[in-house]
1. Being within 14 Å of ligand 2 (Cβ to nearest atom), under 20 Å from residue 68 (Cα atoms) and touching a helix residue (DSSP H, G or I) at 6+ places or on another chain (Cβ under 7 Å) narrows it down to one residue among 124, 112; which is it?
2. Only residues that are touching a residue at least 40 places away in the same chain (Cβ under 8 Å) and surrounded by fewer than 20 Cβ atoms within 10 Å (Cβ to Cβ): list them for segment 25-37, please.
3. Do any residues in segment 131-142 that are on the phi > 0 side of the Ramachandran plot have Cβ atoms under 7 Å from those of residues that are more than 6 Å from ligand 1 (Cβ to nearest atom) and modelled with pLDDT under 95, where the two are at least six apart or on different chains, and which pairs are they?
4. So, in segment 174-203, of the ones that are closer than 21 Å to residue 107 by Cα and within 12 Å of ligand 1 (Cβ to nearest atom), which residue ends up surrounded by the fewest Cβ atoms within 10 Å (Cβ to Cβ)?
5. Being closer than 21 Å to residue 44 by Cβ and either more than 12 Å from ligand 1 (Cβ to nearest atom) or surrounded by fewer than 18 Cβ atoms within 10 Å (Cβ to Cβ) (or both), is that true of even one residue in segment 117-128?
6. Given (1) surrounded by fewer than 16 Cβ atoms within 10 Å (Cβ to Cβ); (2) more than 16 Å from residue 141 (Cα to Cα), identify the lone condition not met by residue 48.
7. Within segment 183-213, track down each residue that is more than 18 Å from residue 6 (Cα to Cα) and under 18 Å from the mean Cα position of the chain (by Cα).
Ligand code: DX5
Ligand code: ZN
């Protein structure tokens, strides 16, 4: 599956870019929420997600890169999130957070930074709908893919196959046709792509190419 990230969209014509995604072969719409605290950048927040939801015809895959996400779970549900992902590094009571996301009726994901061992998820794996493997340091689009991520993905794939084969693996950061192909081969279920889609000549065709890579 493919989830284009709106972080790389043209915010002055966001509606057009959402329409493009609606008509494309993309599966989800990825929304990157940054707070300038957990990550060194600020993106957009709840009112924008609400507006995106009004135009989106595909599930909203909301990636929270914010400290203390528990404070905002319900508000992101109300804003229209279908899949809500929190960072492992921001949740001291991750099991409780995951439970709260699911009780609100959303799918629950956990993202891990490039330095966090994938093995840290072993005891929570049963409760997850998705694991988001960061393949760049979160905070910015357009960064270079970290090559050591392939090995991490292979390990994570084995863990998922053994512990919870229903959980999806999403990969985020530096995805293009070359990395995308290898990521699918290494066991990714969903690829997030920002700059590669929106800075291409024909974003719809790029989504199609990624989907078939
Ligand atoms: C990075 C974000 C990504 C970002 C990916 O912190 O989580 O979703 O938009 O951008 P590209 O595809 O440009 O690396
Ligand atoms: Zn993201």
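The values are calculated or read from the model by the stated rules, or taken from the named source; none is laboratory data. All figures in this text were calculated on a predicted structure; none of them were measured in a lab. All Cβ positions, glycine included, derive from the backbone under ideal geometry; neighbour counts span all protein chains shown.
1. Only one candidate qualifies: 112.
2. The answer is 25, 27.
3. Pairs that qualify, where the first residue is on the phi > 0 side of the Ramachandran plot and the partner is more than 6 Å from ligand 1 (Cβ to nearest atom) and modelled with pLDDT under 95: there are none.
4. Result: 190.
5. No, the conditions are met nowhere in segment 117-128.
6. (1)
7. Answer for segment 183-213, where residues must be more than 18 Å from residue 6 (Cα to Cα) and under 18 Å from the mean Cα position of the chain (by Cα): 183, 184, 186, 187, 188, 189.
Residues are listed down the side, and each one gets a yes or a no for (1) without any contact (Cβ under 8 Å) to a residue 60 or more places away in the chain; (2) away from ligand 1 (no atom under 13 Å from the Cβ); (3) touching a strand residue (DSSP E or B) at 6+ places or on another chain (Cβ under 6 Å):
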| site | (1), (2), (3) |
| --- | --- |
| 16 | yes, yes, no |
| 62 | yes, no, yes |
| 81 | yes, yes, yes |
| 104 | yes, yes, no |
